[in-house]
Amino acid sequence: MWNLEQIRDIFQNKNFMMFCASSVFMCGILACFYGYAIIFAGIFTLFMIILLYLKLFDFKRILVFTLIFYSGFFLTFCKIKNYDELLSMAPVETTFTGRIVSIPTFVDNTKAKFFFEVEKVANTEVKAKTFVTIKGETENLNIGKKLVLKGKLNKPFHATNPSQFDYSRYLRNFNTFTTMYAKSSDVKIVKEDLPLRWKSLLAMNNIRNRVLKVHAKYLKSPNLEVLGGIVFGDDAVATPEFIKNSFINSGLLHILAASGMNVAFIYTFWFFILKFLKVPFKPSVFSGMFIVILYTFMTGLGASVIRAALMLLFVLAGKLIDRDAHSVSLLSLVATLMLIYNPAYINDVSFQLSFLVTFGLLTTANILAQKLEKIPNWIKIPVLIPLVAQFWVAPIQMFYFNTFSLYSVFANISTVSLVSVISFGGFVSSVIAIFPPVADITCKVFDFFLNYLLNILIFISNFFANLKYCLVQTTHPNLFQLILYYAMLLSATYLIKFDKYKKAFFTILGVSLILLVTTLKPVSHNLEIIAFDVQNADSFLIKTPENKYFMIDTGKAPYDSGNSQAKIIMLKYLKDRGIKNLEGVIVTHFDNDHSGGAVDIISNTKTKTLYLNTTSVDTNTALKIFETSKQIGQKFSIAQNNKEIYTEKDLSIKTFKADIKGKDASNGCSIITLLSYKDFDMLFMGDAGIEAFNKVKKDIPHNIEVLKVGHHGGPHVVDEDMLKHLNNEVSLISTGINYFGHPNTGTLDILRNTKILRTDLLNSIKISTDGNQYEVYSYDTHQKDYEILHKVKSAY
């Protein structure tokens with residue numbers, strides 16, 4: 001495809017070298033962040049040796065690149081911490097004094113979230129950040145304000161399940177290692193003379209909020225929130241959930257967050273207006289630079305806006321001194337500067353998407369535009385930009401969100417011109433509205449026209465969002481697939497540049513086939529049971545040898561407008577593996593810690609049958625399950641005692657149910673499930689205990705392999721007679737931090753002669769069996785995979 005001389009020519013290109021240097025710097029940062037320093041260093045050294053052997057690099061250049069790699073590594077090591085003073089104190093509930101250091105995000109005026117720089121804990125002076133959530137009336141909170149609050153400091157959760165979002169790692173990107181919760185009644189704002197830095201940021205945010213209040217007179221929801229997102233960023237106004245979902249499904253969500261695209265639109269409009277007014281070149285450039293800086297601060301300094309602003313400012317500065325900068329070199333320089341300032345930007349999704357899209361537009365789109373020179377710009381540019389952008393962001397979208405917006409290209413083509421006008425109109429009216437005497441009339445005039453444009457934008461989004469298959473669920477691409485995909489895009493781009501269309505076609509075809517093959521994974525014909533770590537709750541996923549899936553219990557319901565465990569753990573696991581169909585979901589009983597995620601599970605999968613223990617329950621969780629089942633036409637069945645609900649070759653799933661009266665009826669009437677495959681048996685007790693077991697034990701076999709202990713190992717769930725009957729080798733307890741004393745010490749003592757597996761100690765647990773012998777795995781949070789815990793055991 002390429003001969004060695006052509007490759008040498010590319011490697012001698014200064015712009016390519018700048019790109020390579022930036023990439024090497026990023027590799028050094030990633031090596032430090034993810035703990036693969038030796039692996040990264042080994043691969044890097046091997047690659048350098050190959051380049052030296054092929055005479056693509058000389059020794060001097062290799063030395064420079066080596067220094068760049070380790071500069072990235074040690075810069076990250078020095079700037080990004082693994083702990084702070086607050087982490088050693090958590091959990092604790094006390095009084096904290098400090099300052100709000102980010103623009104607060106408000107949720108329905110009843111909750112505020114922000115980063116808080118703590119100066120004092122009780123009477124102890126500290127210097128560390130935490131992420132605070134305040135419940136209650138919060139409208140007076142603002143960036144820069146000093147607070148004294150009484151709250152509870154906690155450690156954020158780690159990813160203890162496969163595919164789970166790691167909140168602690170996310171906060172680490174902001175040098176934050178704890179979270180705090182407080183009520184608004186326990187928050188006191190301290191009056192003081194603010195330092196200049198915070199006074200400036202507070203003034204800027206107050207201006208933004210004041211301008212939005214003027215717009216709110218003439219724009220109603222959701223138009224106001226959409227304009228606020230486009231002009232000021234997604235933290236300006238909380239976007240209604242139905243609008244957010246619409247823009248997600250149509251592939252237009254990026255519009256609701258101020259981005260580099262908006263910077264380009266605003267500057268372009270400004271430049272052409274001044275050109276039309278025949279303003280001299282240098283005043284136009286200087287005023288344009290001021291406009292870009294002003295807009296960057298107004299949006300809250302998002303990563304994509306900073307990237308676009310810096311690039312544009314460098315280009316404009318070059319124009320002033322008659323110097324032209326190569327676009328890819330400039331992008332590489334800006335990326336490096338941003339990462340030197342904050343290496344954690346590399347983990348920011350908006351940073352990744354912004355630079356990938358920009359790189360794609362500067363390379364692929366630019367080359368395609370040159371090849372299509374006969375087509376007028378007003379036709380090809382609005383088509384090429386969304387098309388190329390989609391090609392460059394699609395794998396990242398799949399990697400983080402397991403989705404692909406099928407009509408995104410068409411939606412973006414339909415809105416690109418519209419958004420440019422809205423961006424500029426919203427920005428100009430907001431800048432003029434900074435001055436109170438003309439604020440009202442300015443917003444009234446501009447919003448009269450913007451209202452119609454915003455209605456059209458929302459209509460287009462809703463149109464594409466309501467089409468069938470608008471959002472396709474995808475599997476989770478691995479690192480090898482990502483690298484291969486982007487290597488294919490780059491190769492095809494440069495082959496097209498040199499008019500080698502046939503080779504470009506076969507490159508795309510060949511790599512596409514490899515990507516398809518690597519997506520297909522060997523089918524395991526073992527029975528597999530996953531116990532998700534859902535704290536003091538239950539959720540289990542069963543994969544049969546014929547690859548049918550059952551779920552037993554669904555974890556806890558969302559707390560205070562958050563997400564259920566089902567959404568952030570179990571559904572993420574299913575999406576990553578392309579599992580869309582469940583043969584059955586067994587809700588053992590309606591306690592929140594067992595049925596709380598059932599609505600999310602049946603709403604986001606095709607569940608053949610939902611098994612319930614009764615319909616004579618009127619708790620909020622139960623009523624939501626009944627209502628949702630009716631709305632979506634979900635088939636459900638009331639579990640019967642000693643009833644086989646599923647069979648396949650050598651495998652059966654049976655339900656048991658005891659008739660328990662009295663105060664323990666809720667737990668005692670849990671569905672008990674027996675899973676049998678050849679010589680392997682596992683009994684799931686739900687929250688049922690000794691009394692329930694004694695009523696059904698005549699139908700339960702002796703000598704089972706695994707017992708899922710009832711009620712998270714609480715009291716009265718096992719006794720010696722029960723263990724004598726079951727003779728189980730393994731006892732599995734699903735539990736976590738709780739105030740109920742689970743697991744009970746007496747219960748643990750009774751189980752002492754069995755192998756006790758606890759999710760609070762071992763994270764998620766997986767059991768795999770061929771029906772004759774089985775293996776037990778626990779989830780390793782560092783390797784991000786299941787590691788064998790016990791060697792193969794012979795079944796009874």
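Key figures for this structure:
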| item | result |
| --- | --- |
| Matching residues in segment 655-667 - criterion: being part of a strand (DSSP E or B) and either open to solvent by 60 Å² or more (accessible area, probe 1.4 Å) or touching a Lys or Arg at 6+ places or on another chain (Cβ under 6 Å) (or both) | 655 |
| Looking only at segment 256-281, and only at residues there that are crowded, with 18+ Cβ neighbours inside 10 Å and among the hydroxyl-bearing types (Ser, Thr, Tyr), the one that is farthest from residue 294 (Cα to Cα) | 259 |
| Which listed residue, of 44, 57, is at pLDDT below 85, at negative phi, of a type outside the set (Val, Ile, Thr) and part of a helix (DSSP H, G or I) | 44 |
| Residue tally, condition among the aliphatic types (A, V, I, L, M) and open to solvent by less than 20 Å² (accessible area, probe 1.4 Å), over segment 490-510 | 3 |
| Residues (assigned to a helix (DSSP H, G or I), touching a residue at least 40 places away in the same chain (Cβ under 8 Å), within 13 Å of residue 177 (Cβ to Cβ) and open to solvent by 30 Å² or more (accessible area, probe 1.4 Å)) located in segment 69-118 | 85, 87, 89 |
| Subset tally (residues that are touching a residue at least 60 places away in the same chain (Cβ under 8 Å) and under 23 Å from residue 401 (Cβ atoms)) for segment 468-513 | 14 |
| Conditions (1) of a type outside the set (S, T, N, Q); (2) closer than 30 Å to residue 523 by Cα; (3) more than 35 Å from the chain's Cα centre (by Cα); number of the one not met by residue 657 | (2) |
| Hits in segment 426-470 (condition: surrounded by fewer than 19 Cβ atoms within 10 Å (Cβ to Cβ) and under 22 Å from residue 205 (Cβ atoms)) | 428, 431, 432, 434, 435, 436, 437, 438, 440 |
| Output for segment 373-407, where each listed residue is open to solvent by 40 Å² or more (accessible area, probe 1.4 Å), without any contact (Cβ under 8 Å) to a residue 12 or more places away in the chain and among the hydrophobic types (A, V, I, L, M, F, W, C) | 375, 378, 379, 401 |
| Residue in segment 119-164 that is modelled with the highest pLDDT, counting only those that are under 27 Å from residue 205 (Cα atoms), open to solvent by 50 Å² or more (accessible area, probe 1.4 Å) and not basic (Lys, Arg) | 119 |
| All positions within segment 471-489 that are of a type in the set (Phe, Trp, Tyr) and either in contact with a strand residue (DSSP E or B) (Cβ under 9 Å, 6 or more places away or on another chain) or surrounded by fewer than 18 Cβ atoms within 10 Å (Cβ to Cβ) (or both) | 480, 486 |
| Selected residue [under 20 Å from residue 345 (Cβ atoms) and part of a helix (DSSP H, G or I)] from 263, 285 | 263 |
| Meets criteria (within 33 Å of the chain's Cα centre (by Cα), without any contact (Cβ under 8 Å) to a residue 12 or more places away in the chain and either more than 18 Å from residue 335 (Cα to Cα) or open to solvent by less than 40 Å² (accessible area, probe 1.4 Å) (or both)) for residue 36 | yes |
| Residues within segment 517-542 that are touching a residue at least 24 places away in the same chain (Cβ under 8 Å), of a type in the set (D, E, K, R) and assigned to a loop (DSSP other than H, G, I, E, B), tallied | 2 |
| Hits in segment 520-566 (condition: surrounded by 24 or more Cβ atoms within 10 Å (Cβ to Cβ), among the charged types (D, E, K, R) and closer than 25 Å to residue 478 by Cα) | 533 |
| Count of residues meeting criterion [of a type outside the set (S, T, N, Q) and at positive phi] in segment 127-178 | 2 |
| Matching residues in segment 427-472 - criterion: being touching a Cys at 6+ places or on another chain (Cβ under 8 Å) and more than 14 Å from residue 224 (Cβ to Cβ) | 464 |
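Yes/no per residue for (1) under 18 Å from residue 660 (Cβ atoms); (2) crowded, with 18+ Cβ neighbours inside 10 Å; (3) in contact (Cβ under 8 Å) with a residue 24 or more places away in the chain:
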position: 691; (1), (2), (3): yes, no, yes
position: 714; (1), (2), (3): yes, yes, yes
position: 720; (1), (2), (3): no, no, yes
position: 768; (1), (2), (3): no, yes, yes
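The values are calculated or read from the model by the stated rules, or taken from the named source; none is laboratory data. Being a predicted model, the structure only gives us computed values, none of them experimental. When we count neighbours, we look across all protein chains shown, and the Cβ atoms used for this are built from the backbone with ideal geometry, even at glycine. Remember, those area values only see protein heavy atoms, side chains included, never the ligands or the DNA or RNA. Shrake-Rupley method; radii C 1.70, N 1.55, O 1.52, S 1.80 Å.
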